[in-house]
Amino acid sequence: MELQELYIKYAGTAPSKIEPLTPAGSGRRYFRIHGEPTVVGVKGTDVKENEAFISHSRHFRDCGLPVPEVLAVSDDGMDYLVSDLGDRSLFGMRDDMDLLEKTMRMLARFHYTGSEGIDYSVCFPVAVFDRCAVMWDLNYFKYSFLNTSGVPYMEPLLEADFVKLAKAVEDRSLGEGGVFMLRDFQSRNVMVKDGEVYFIDFQGGRRGPASYDLASFLWQAKAGFTPRQRDRLIEAYADEANRYISVDPDLLKREVREMALIRTLQVLGAYGLRGKFERKPHFLQSIPMALANLKSLLEEGIGDYPYLKELLPRMIDACSPTTEVEEAYDGLTVRVTSFSYKKGIPEDPSGNGGGYVFDCRAMDNPGRYEEYKRLTGLDREVIEFLEARGEISGFLDACYALADRAVENYLERGFTSLAVNFGCTGGQHRSVYSAQHTAEHIKSKFPQVRVILQHREQGIRRVL
């Protein structure tokens, strides 16, 4: 293995163990390499992207900023070793306002200390967040989300507002407001070790407006910050940034909302592609939260973009989930439920008692790990944790085989109700993943069947 050879070359001894870490959203793969010292190994997918990370990391460390130290790089540039910052991300500590304010102040230091002397020529894939890059993000939203909503719109009017937004961003990127923008700045990409924060994701960084990173962080769909918290954190950032330049907190808040509009639309595009087209449940479940963020932005004011102000509320209304009433149905209804064994096996509302109860507790429990305790089986991190271990694939294949035979038999015999239940310790991780995927599998294979999906302990119920 290339990483093992690189470690031996760096440490002078073989590692005692190499274990895969939870995959990130990109194609990069991460491994904890145990030994003296223990480090993290990265297998990249693009040498230019690796070069950007390595160059930026070394520059930030020279500036005294907290980032992973690059310890060794393979000859082909595809693999590298970095210092191990542990497993605790800020995402699981979002109720600690002192730590959040510390993160905002550190972001200002990155923007104004870290931008000095940075080599923009190595940025990947582009050096500047210019109008072309902004238009790409906005069109991503248009084609991957808006066009799937069924909401009619006037394309010339929409394009006019897009162009105005893109120009405003480009002016700030190239003017005095331009700094090194980390680009994908969110709480999952901030590690916490010994009470200090470390930024780990900046390989996609480029020159752009400081307000974009603030928007990425504060309007992250699952972060759940209130308007009051956002204002307080922007004020903390502005207080620190005033050590370097003159910053008006009220003006900054308006700029952040404008950047949040772009970021939220871009995120909806990603959720549309990954959720509506690729049918990945985590992204589908994230859409309502992103729409709630968008609604909040519109209520606070997004600036002079008249057509967006008219179009986006219509889109939100069309895409927001409604309370579904279970109507009478003559065909087969399959109820798929996730539950906690601590709270008992779900009752069968049909009264016939037919179906299955599958026990998910034999698989490794994400709830035993700090970084997953507040997440569910609908979250990307938990999905990747379970899939990386490989246990859940074989488990569900066996469950699918039994459920499919039952559905086929019930359809032939004219039965109207089948229950498929998945239980685990807390009804939060393994059972939620299993029920979600099973419900989607049944609906895909048997479109004539009504599938009612319920995550009992999460308070989620859907009719597929």
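The values are calculated or read from the model by the stated rules, or taken from the named source; none is laboratory data. What you see is a predicted model; the values in this text were computed from it and never measured. Glycine gets a Cβ as well: all are built from the backbone with ideal geometry, and neighbour counts include every protein chain shown. The protein model used for the area step is the full one, side chains on, heavy atoms only, and it has no ligands, DNA or RNA in it. Shrake-Rupley method; radii C 1.70, N 1.55, O 1.52, S 1.80 Å.
Laid out as a table, the results:
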quantity	calculated
Selection count where residues are closer than 15 Å to S89 by Cα, touching a Leu at 6+ places or on another chain (Cβ under 9 Å) and modelled with pLDDT under 90, scope region 368-388	1
Strands (runs of 3 or more DSSP E) fully within region 4-76 counting 2 or more residues that are in contact with an Asp or Glu (Cβ under 7 Å, 6 or more places away or on another chain)	29-34, 39-43
Single unsatisfied condition, R243 versus (1) in contact with a strand residue (DSSP E or B) (Cβ under 7 Å, 6 or more places away or on another chain); (2) surrounded by fewer than 24 Cβ atoms within 10 Å (Cβ to Cβ)	(1)
Qualifying helices (runs of 4 or more DSSP H) (wholly inside region 380-464; at least 2 residues being open to solvent by less than 40 Å² (accessible area, probe 1.4 Å), more than 18 Å from G354 (Cβ to Cβ) and among the acidic types (D, E))	380-389
Qualifying residue in region 160-171 (condition: within 25 Å of L265 (Cα to Cα) and of a type in the set (V, I, T))	yes
Residue satisfying condition, being touching a residue at least 60 places away in the same chain (Cβ under 8 Å), open to solvent by 10 Å² or more (accessible area, probe 1.4 Å), within 22 Å of the chain's Cα centre (by Cα) and over 30 Å from R374 (Cα atoms), within set R172, R188, R206	R206
Count - residues of region 339-360 that are more than 17 Å from H437 (Cβ to Cβ) and in a loop (DSSP other than H, G, I, E, B)	11
Residue within region 41-63 that is open to solvent by less than 50 Å² (accessible area, probe 1.4 Å) and on the phi > 0 side of the Ramachandran plot present	no
Residue within region 272-283 that is at pLDDT 95 or above and buried (at least 24 other Cβ atoms within 10 Å of the Cβ) present	no
Which numbered condition L21 fails, given (1) out of contact with any helix residue (DSSP H, G or I) (no Cβ under 8 Å at 6 or more places or on another chain); (2) among the hydrophobic types (A, V, I, L, M, F, W, C); (3) at pLDDT 95 or above	(3)
Subset tally (residues that are closer than 25 Å to E170 by Cβ and either of a type in the set (D, E) or at pLDDT below 95 (or both)) for region 190-202	1
Criterion violated by E116 - all others in (1) open to solvent by 20 Å² or more (accessible area, probe 1.4 Å); (2) assigned to a helix (DSSP H, G or I) satisfied	(2)
Verdict on D79 being more than 22 Å from the chain's Cα centre (by Cα), open to solvent by 50 Å² or more (accessible area, probe 1.4 Å), of a type in the set (D, E) and more than 29 Å from A166 (Cα to Cα)	no
Test: D364 is open to solvent by less than 50 Å² (accessible area, probe 1.4 Å), in a helix (DSSP H, G or I) and of a type in the set (D, E, K, R)	no
Residue check, V134 open to solvent by less than 10 Å² (accessible area, probe 1.4 Å) and either touching a residue at least 40 places away in the same chain (Cβ under 8 Å) or in a loop (DSSP other than H, G, I, E, B) (or both)	yes
Checking M104 against (1) closer than 30 Å to R228 by Cα; (2) part of a strand (DSSP E or B), the condition it does not meet	(2)
Conditions (1) in contact with a strand residue (DSSP E or B) (Cβ under 9 Å, 6 or more places away or on another chain); (2) open to solvent by 10 Å² or more (accessible area, probe 1.4 Å); number of the one not met by M259	(2)
